[in-house]
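What follows is a short report on a single structure.
The values are calculated or read from the model by the stated rules, or taken from the named source; none is laboratory data. Predicted, not measured: the structure shown is a model, and the values here were computed from it. FYI the Cβ positions are ideal-geometry reconstructions off the backbone, even for glycines, and counts take in every protein chain you see. Accessible surface is based on the protein model in full, side chains and every heavy atom, while ligands, DNA and RNA are left aside. Shrake-Rupley method; radii C 1.70, N 1.55, O 1.52, S 1.80 Å.
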Amino acid sequence: MLNVGITGQAACLVEKKNTAAALGSGMLEVFATPAMVSLIEKAACESVQPYLEEGCGTVGTELRIKHLAATPVGMQVTAKTRLTQVDGRRLVFQVEAFDEAGKIGEGEHERFIIQNEKFLAKAQAKAKKE
């Protein structure tokens, strides 16, 4: 059962492939904001998946974050999430990201519980309308 307080964590190594220069979000070889977003979403998504009914998942719908500090290639980044609200199918998480030197990001992330097949069918139907 989904309850406030569920925590999640995901980590990655900063490599050239997840830098701002590689992802097009900047010119420098430092951990990209889009890569931080992906890591935060992974931590949140995986944290609640074991509590969902079979055939269900979550999708990200909103993210309000601050990227506070740059992280160079070679350092480890860890995203941590904590479920703070359960409002029907709406889930809200407090999120933080850290590198080996300290906090690099913080904010709030919202996800919605969906039925995987129904959601996918609706998305795929958009392609058939052409």
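From the coordinates of this entry, Rg and Dmax of the Cα atoms in Å is computed, and it appears in (1) 16.1, 50; (2) 15.7, 47; (3) 18.1, 58 under the label (1). Surface composition of the chain: carbon plus sulfur atoms hold 52% of the accessible area, using a 1.4 angstrom probe and ignoring ligands, DNA and RNA. Surface analysis of the chain yields an accessible area of 60 Å² per residue, using protein heavy atoms and a 1.4 Å probe. Taking the helices alone, the chain has a mean residue ellipticity at 222 nm of -7500 deg cm²/dmol, built from -39,500 (n - 2.57) per DSSP H run of at least 4 residues and averaged over all its residues. Separation of the stretch 76-130 from the stretch 8-24 is 18 Å, based on Cα centroids. Pairs LYS42/LYS66; LYS66/LYS103; LYS17/LYS122; LYS17/LYS42; LYS16/LYS42; LYS80/LYS103: which are spaced more than 22 Å apart, C-alpha to C-alpha? Those over the limit are LYS17/LYS122. Rounded to the nearest 20, the Cβ-based charge dipole of the chain about its Cα centre (Lys and Arg +1, Asp and Glu -1) stands at 400 debye. Here the Karplus relation 6.51 cos²θ - 1.76 cosθ + 1.60, evaluated at θ = phi - 60°, turns the backbone of the stretch 37-52 into coupling constants of 4, 4, 5, 4, 4, 4, 4, 5, 4, 5, 5, 9, 3, x, 9, 8 Hz, with x for every Gly and Pro. Using the Cβ-Cβ distance between GLN115 and LEU13 with R0 set to 35 Å, the FRET efficiency from 1/(1 + (r/R0)^6) comes to roughly 0.50. Scanning residues 5 or more positions from ILE104 or on other chains, those with amide H under 5 Å from its amide H are ALA97, PHE98, ASP99, with H placed 1.01 Å from N in the peptide plane.
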